[in-house]
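Participant: I have a structure I would like to understand better, so I am pasting it below and will then ask my questions one at a time.
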Amino acid sequence: MTAVVRDYMTPNPYTIRADAPITEAIKLMEEKQVRGLPVLNSNGTLVGLVSEADLIVREAPLEPPLYITFLGSVIYFESPESFHQHLKKTLGQQVQDVMTPNPHTVSVDAPISEAARLMVTHHISRLPVLDHDGQLVGIISRHDLLRALHNN
């Protein structure tokens, strides 16, 4: 029998509203000892995921992208978009300002191998788990995948 996400996910994960203050996310993550929270809008729909990395970036020094000017044009060596994202996260006051929007998700009935593939492919540590109606029912982390490997 193939192990599925339902067997190893954490059901009913702690969540936070998109319009909540960042300080509330930090407090909840500290109190509950979790490294990420699914973010819900006012209708209870999953709109993002906020992680320790999203919050820590606020403390990293803000460095503008490298560029040169050539014949009156500006040529960037890296995307100015990443600088704008960092700036938004640094100055943001609400969870929606720092979260990763539209997170990758996995179905509750997906094989564990699908969750592992998504995490490896997208370099992420956790996935919100959705039921057949698209409602959040759990979260699965790398640690949960290790438990699945141990049990097989």
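The values are calculated or read from the model by the stated rules, or taken from the named source; none is laboratory data. Please read these numbers as outputs of a predicted model, since none were measured by experiment. Note that we place each Cβ from the backbone using ideal geometry, even for glycine, and neighbour counts take in every protein chain shown.
Participant: When the range 109-152 is examined, which residues are found to be among the β-branched types (V, I, T), surrounded by 15 or more Cβ atoms within 10 Å (Cβ to Cβ) and more than 17 Å from Y14 (Cα to Cα)?
Facilitator: I112, I124, listed by residue number.
Participant: Quick check on V129: is it in a strand (DSSP E or B) and modelled with pLDDT of 80 or more?
Facilitator: Yes, satisfied.
Participant: Tell me, which strands (runs of 3 or more DSSP E) wholly within the range 1-89 include 3 or more residues that are more than 19 Å from S141 (Cα to Cα) and modelled with pLDDT under 90?
Facilitator: Result: 67-70, 73-76.
Participant: Suppose the filter is of a type outside the set (K, R) and buried (at least 19 other Cβ atoms within 10 Å of the Cβ); does S51 pass it?
Facilitator: When the stated conditions are applied, S51 passes them.
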